[in-house]
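A short write-up of the structure that comes next.
The values are calculated or read from the model by the stated rules, or taken from the named source; none is laboratory data. The model shown is predicted, which means the values in this text are computed figures rather than measured ones. In this analysis, Cβ positions are derived from the backbone assuming ideal geometry, glycine residues included, and neighbour counts consider all displayed protein chains. For the accessible areas, the whole protein counts, side chains as well, though only heavy atoms, and no ligand, DNA or RNA atoms are used. Shrake-Rupley method; radii C 1.70, N 1.55, O 1.52, S 1.80 Å.
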Amino acid sequence: MTSVAVVTGASSGIGAATARRLAAEGFHVLAAARRTDRLSALVAEIEAAGGTATAVACDVTSDESVAGLAEAAARAPGPVTLLVNNAGGARGLDPVESGSVGDWQWMYDVNVLGTLRVTQALLPALEASGAGTIVIVSSTAGFTVYEGGGGYTAAKHAQTAVAGTLRLELCGRPVRVIEIDPGMVKTDEFGLVRFGGDAEKAAAVYAGVAEPLVAEDVADCVAWCATRPQHVNVDRLVVRPLAQAAQHKVHRAG
Ligand SMILES: NC(=O)c1ccc[n+]([C@@H]2O[C@H](COP(=O)([O-])OP(=O)(O)OC[C@H]3O[C@@H](n4cnc5c(N)ncnc54)[C@H](OP(=O)(O)O)[C@@H]3O)[C@@H](O)[C@H]2O)c1
């Protein structure tokens, strides 16, 4: 029977690339996000490439919407063996001194509570499959702080804490927990969301960096971790572009 993978935040960037990649690996993918037009286009693309997928409208900040995702998973054509908690993002690059409480609340709700809601809703199905995997896409911001990143690093530290706690709590049960921590990934929307649609500021993040990671690189990491034999648990995978030795150490040409 086909295994089912649920990917949140599948309408763009890392989530969309992960959905494509997992479908190519043979999973039936439930592609979840708020923008259903994009999800429909993604499903059509996956089907044209010979895979199968279903678009599911889901706002991870809503209990009701996440309950709908769990219902869609129950109707899926196979056991749910993989959940990729990818929905998330950053808002603002302000110092703690002047950061917007609203932005901080949004980052906590989407990155941390979104992961919590979706994980709680799908854990019974993952466990019932007998061989479940939960991937949490956190960030290098989950273990390093940087100036202006207070709200995002606080949320990602919390998401990382959820991953570590969950792994301890599920020990002895048939569900592994894998944390993927990407560094700089050039996706179309992450920077735009962070800078309120300011394309110039978003582009400046990658200025002079010859080869930042792209969404497909992270999808490759997710797919590799998720397709190891079930007894192999990659606790945490940190991945950065060659040009980024650390958060503060990026090689830029010119
Ligand atoms: N890009 C990077 O440099 C980088 C580095 C490390 C970690 N990450 C992490 O990787 C993940 C994906 O980032 P990305 O670069 O691919 O960003 P992105 O292109 O902005 O994608 C974010 C995704 O999250 C979804 N999303 C946002 N709010 C949501 C909500 N309330 N409910 C459901 N889905 C929601 C968006 O879909 P809708 O708007 O359609 O709902 C979108 O599909 C995030 O968790 C991010 O923090 C990114």
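The mean sequence distance of close C-alpha pairs (under 8 Å, at least 6 residues apart), as a share of the length of region 154-254, puts its relative contact order at 35 percent.
Charges were assigned to the Cβ only: +1 to each Lys and Arg, -1 to each Asp and Glu. The resulting dipole of the chain about its Cα centre is roughly 460 debye.
Once the Cα-Cα distance is subtracted from the 0.36 nm per residue extended length, the THR2 to ARG173 segment shows a gain of 59.4 nm.
Within the shell of other residues whose beta carbon sits under 13 angstrom from the beta carbon of VAL209, the net charge comes to +3, with Lys and Arg scored +1 and Asp and Glu -1.
Taking 0.36 nm per residue of separation and subtracting the current Cα-Cα distance, fully stretching the chain between ALA44 and ALA67 would add 5.8 nm. Close amide H pairs (under 5 Å, H built 1.01 Å from N) link THR81 with VAL4, residues at least 5 positions away or on another chain.
Summed over qualifying helices (DSSP H, 4 residues or more, each -39500 (n - 2.57)) and divided by its residue number, the chain shows a 222 nm mean residue ellipticity of -12500 deg cm²/dmol.
Within the shell of other residues whose beta carbon sits under 14 angstrom from the beta carbon of VAL232, the net charge comes to +3, with Lys and Arg scored +1 and Asp and Glu -1.
Counting only protein heavy atoms and a 1.4 Å probe, the chain has 46 square angstrom of accessible area per residue.
Just the protein heavy atoms count here, and of the accessible area of the chain at 1.4 Å, carbon and sulfur take up 55 percent.
Relative contact order for the chain: 19 percent, from Cα pairs under 8 Å spaced at least 6 residues apart, divided by residue count. Its relative contact order, with pairs defined as Cα atoms under 8 Å and 6+ residues apart, puts region 11-135 at 24 percent.
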